[in-house]
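> What follows is a single structure, and I will ask about it in a moment.
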Amino acid sequence: MPEETTDIVDRVVRTVYYQTSPTQPDRIPAHKVVMILAGNGSEDEFRVRRALDDAVEVGRLERDEDHVWLPDE
């Protein structure tokens, strides 16, 4: 992965981590990650969605139809 893609993947994984802390649900709707990172205009929506896919592909996140979560370690 190019470095800029890795950076956005890291941001996506961190966002999921912070949104699924011990006081939060285990899973977060994928659209909420997009809303957090792209909603304020800091990232392009397409890049965030692609980064979600990339993070799942390399095993940093797991995903079902609607939600993403950190894999059990």
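The values are calculated or read from the model by the stated rules, or taken from the named source; none is laboratory data. As the structure is a computational prediction, the values presented were derived from the model and not from experiment. Note that each Cβ is placed from the backbone with ideal geometry, even for glycine, and that neighbours are counted across all protein chains shown. What goes into the accessible areas is simple: the full protein's heavy atoms, side chains included, and nothing from ligands, DNA or RNA. Shrake-Rupley method; radii C 1.70, N 1.55, O 1.52, S 1.80 Å.
> Quick check on the chain: helices-only [θ] at 222 nm, where DSSP H runs of length 4 and up contribute -39,500 (n - 2.57) each and the sum goes over total residues. Nearest 500, please.
Numbers: 3 runs with 39 residues, N = 73.
So the helix-based figure for the chain works out to -17000 deg cm²/dmol.
> Using the heavy atoms of the protein chains alone and a 1.4 angstrom probe, what is the accessible area of the chain per residue in square angstrom?
With all protein chains present, the chain gives 67 Å² per residue.
> Given N residues in the chain, what is its alpha carbon radius of gyration divided by 2.2 N^0.38 Å?
1.00
> Also: For the peptides 23-32, 54-63, what is the packing order when you average, over each peptide's residues, the other Cβ atoms within 10 Å and list the highest mean first? Intermediate values should be presented prior to the final figure.
On the way: 23-32: 13.6, 54-63: 16.1.
Those peptides, ordered most packed to least, come out 54-63, 23-32.
> On the accessible surface of the chain, probed at 1.4 Å, how many percent belong to carbon and sulfur atoms?
46 percent
> Once phi is turned into ³J(HN,Hα) by the Karplus curve 6.51 cos²θ - 1.76 cosθ + 1.60 with θ = phi - 60°, what whole-Hz value does each residue of the range 63-71 show in order, with x for glycine and proline?
Couplings: 8, 10, 4, 10, 10, 10, 7, 6, x Hz.
> Quick one: order 65, 45 from most to least accessible surface, probe 1.4 Å.
Numbers: 65 165, 45 95 Å².
Heavy-atom accessible area, descending, gives 65, 45.
> When the chain is fully extended, how far beyond the present Cα-Cα distance does residue 44 get from residue 21, taking 0.36 nm per residue of separation? Could you put the intermediate results ahead of the total?
On the way: separation 23, 0.36 × 23 = 8.28 nm, distance 2.52 nm.
This chain segment gains 5.8 nm when fully extended.
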